[in-house]
1. So for the chain: antiparallel DSSP bridges make up what percent, rounded to the nearest 5?
2. Only one of the listed values, (i) 94, 60, 53; (ii) 120, 67, 54; (iii) 108, 64, 52, was derived from the coordinates as Cα extents along the principal axes in Å; which label is it?
3. What is the sum of charges, Lys and Arg at +1 and Asp and Glu at -1, for the other residues whose Cβ falls under 14 Å from the Cβ of F240?
4. Please go through the residue pairs K362/K595; K305/K457; K550/K595 and name each one whose alpha carbons sit more than 25 Å apart in this structure.
5. Based on the mean of other beta carbon atoms within 10 Å per residue, what is the order of 661-670, 371-380, 483-492, most packed first?
6. For segment 280-322, which trypsin sites (Lys or Arg not before Pro) are in a loop by DSSP, counting at most 15 other Cβ atoms within 10 Å?
7. Which of the aspartates and glutamates could be linked to K60 by a straight reach, that is with a Cα gap under 14 Å, when you skip same-chain ones fewer than 8 residues away?
8. Below 14 Å, Cα to Cα, which aspartates and glutamates can K386 reach? Residues fewer than 8 away in the same chain don't count.
Amino acid sequence: MKRIYFIISLVSCSVLILEISLTRLFSIYLSYHFAFMVISIAMLGLGSAGTVLSIYPKLKNISNITVYALLAGISIILGYVVSNHIPFDPVKFSWDRMQIFYLALYCLVLSIPFFFSGLLIATAFSVRSEKSELIYGSDLIGAGTGAMAVLGLLNIGGPEYAVLTASTLCFIASFTAGRNHPEKSRIKPRLFSVMLIAVNLLIFVIHPDFINVRLSPYRPFSLSLKYPGAEHLKTYYNSFSRIDTLKSPAVRFAPGLSLRYLEPLPEQIGLSTDGGGMNAVTMADNRVALAFLEFLPSSLAYEIKDKVNVLILEPKAGLQALTAEYYAFKAIDPIGKKAQFSNGIHPIRKKAQFELSNGVNKIESNPLMVKIIRDDFGEFSGNIFKRNTWTGLGRSLLNSSQVHPVSKKALPGFSNGVYDIIDLPMTGTSVTGTFGIAEDYRFTVEAFKQYLRALKKDGFMSISLYLVPPPRTELRILGTVIDALEQDGAGEVSRNIAAIRSWDSITMLVKRTPFNEGEIKLIKDFAGDRRFDLVHYPGIKEHESNLYVKMPSNEYFKYFKSILDPETRALFINNYLFDVKPVHDENPFFHYYLKLKNIKVIYKVMGAKWQYFMEEGYLMPVIFVLVFLLSALMILLPAIVKYKAEVKKKNNLNLSLLSYFAMLGIGFMFVEVTLMQKSILSLEYPAYAFATVLTAVLISSGIGSLISSRFPGLRAVHILPVIGALVLVYSMVFPLLLNLISPYPLKLKIPMVFIVLMPLGLFMGIPFPAGIRLIGQINEALIPWAWAINGCFSVLAPIMTIMLAMALGFKTVLWLGAAAYLLAFVSLRELTKGLKSYAGRK
């Protein structure tokens, strides 16, 4: 059994590495919107193993563990290669009905490795139920180890390398299992395992084309390479992104450039994140060529402020950082504006023309973006990220006292109100208006309150984004900013906001205090000189807007007026086609705009294309329905085929069994997924939050399971109300603890979160193996069915978590998780009675 525990740990580690790697692959293959499907695919595979074992009990043979581990390893690498060549592409849903079949095939192929790992673990539970705590502990500890190890693997190379590692771990497990069986019939699997390990190592070294990550031909990166003369330069990876650099005529990045500017743009290098979001780094060796920056709507704030202390949040490839440096240098030496300096060196000051000033600070969430531009395009970009650049989530860093490793300077905290301008560029070289279910803590009411407090009294917050009709993103931004201003004590908020638009972008300026007459005049002069349309300023009249880039209904002026007016705001938001109400940290799905009641109208407005709904997140309820039907089939099939006689008998055994393991699956996943989401804000990166919480919960739950094997009292029914109470406590205390640790460096926050979650995890690891042990004492044949029930409801829970969080908030989801554990308590009492009755009849 000691060797079996080790094998279970290896296989569980392997499938967790695969699961997290698949979230990265889905983001690259398809888009981030599909990554949520991975957990459901994994749990569906694990749960279906219990259904198969229930119907075919002969498979529950401990000697089969060698084969199951081997098949898991084979299916991991084959599943990856096959899925990489299945022509599934959500873009084609509009015209190709075969995509539905491809989607089903895609999910089926990727669920097979989880199916074989489920066979292995469920078999161990079935034949050694008295050791269920040790089996479960080995399973969870191995999985928790894999959750943390995968971050290192993804930082080393692409997700394909992590998949190969996962496959290799299964082959090592198979080889180890084979040593338990020296007889001749067991030698072949061992030799086969060694051969497959060698094959994986060979693939690792050679890296043939068939393991390269496939990109949809409709992704912006793929489309950019189709232009004449386009060239792919290099691919970079870290644990949560892939960035490709390229040269292409498609890379022309000047959002909203005034039609009055007729000169060519400087050379630009494209940077594509996960094959999708495109940005560009601009050559900065010629000041004359950079004059186009003065003709961008996003330069409005810099035209108003002369000597400024600037903070740029999410500069990406650095256009706004370059803009800030351009205006900072212009303020110091306005004559130099008209001079062309070779190599960017000022002939009098003898300094680099765009050397970073202390007044321009940048916070970029993706450290890989900063590293690429700083190391590979430093001179090309004017060294825009050489100094005063931090990586992480802006909100967290604003509330910290971290010291930059190069400049040795602490980033000023927002409570000091130190910035003249806070710049939030929301633009890239590719325009998109669909973001789906991705959480985004950068644009909540709480986030904007932090940004406003970081401004000086007369400072500006500048927000720039593309116009993607029908209007929704800009309207939600406006409503969210208004809420933040009102909570910050602003009076008539229409006096604190100004906005201008170009032909394809809009820039909003927000102040803590009302705009004065001088500022309003500068805004009007800037817009008029460059032929930008005024959308709003304090006192604007309708005839002053919609002059240059005319729209039939002047909708932006009317929409802004309706939202800015307190008397019409609520009615407008309630009646608007899309959901544009402000979002909060409790439900930070900023880019989710759909209203179910308007689905028919939206379908017509969006060109009668169902593709839009899938991109916006409506695929989630569709997947939920499909998964629900499959789960119901997997749960009912054993009852109909194998346990038909027992089901016909009038007892509560089946209902209690269904309810207990179902509630454990729902409760565990509700708590785990919600804690991940809540940790993103503090841990700054979704990948780190996912890995930290998953590792903490799984390892501590595994330890709790192991401890319960030594202390039988922990397996009593009263442990479930204790867990429910703990979840309620965490729903209130955990956000406060996250706020307390937020100012600390990331290397300290990760172990802090781990320690905070340990007590809850210790208790959460006890109920499942206790239930397995209880069933095993009466009838071990029911164990696979219990495994299937738990797995199937664990499939539904992640999707339910997001859907409920959108409607009710994450705190409510935690409360529902606590309620699930209380229902499990009631079910366990009934299950105990039912099992005793069942044993008496047997």
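1. On the way: 34 of 52 bridges.
Close to 65 percent.
2. Only one listed value fits the structure, namely (i).
3. Charge balance near F240 sits at -1.
4. Working: K362/K595 36 Å; K305/K457 13 Å; K550/K595 29 Å.
Over 25 Å Cα-Cα: K362/K595; K550/K595.
5. Working: 661-670: 26.1, 371-380: 17.3, 483-492: 15.7.
The packing order, highest mean first, is 661-670, 371-380, 483-492.
6. Here the sparse-neighbourhood loop sites are K307.
7. The qualifying aspartates and glutamates are E780.
8. K386 reaches E325, E355, E364, D375, D376.
The values are calculated or read from the model by the stated rules, or taken from the named source; none is laboratory data. Since this is a predicted model, take the numbers as computed values, not measurements. Neighbour counts are summed over all protein chains in view; Cβ atoms, including those assigned to glycine, are modelled from backbone coordinates with ideal geometry. Calculation scope for accessible area: heavy atoms of the full protein, side chains included, ligands and nucleic acids excluded. Shrake-Rupley method; radii C 1.70, N 1.55, O 1.52, S 1.80 Å.
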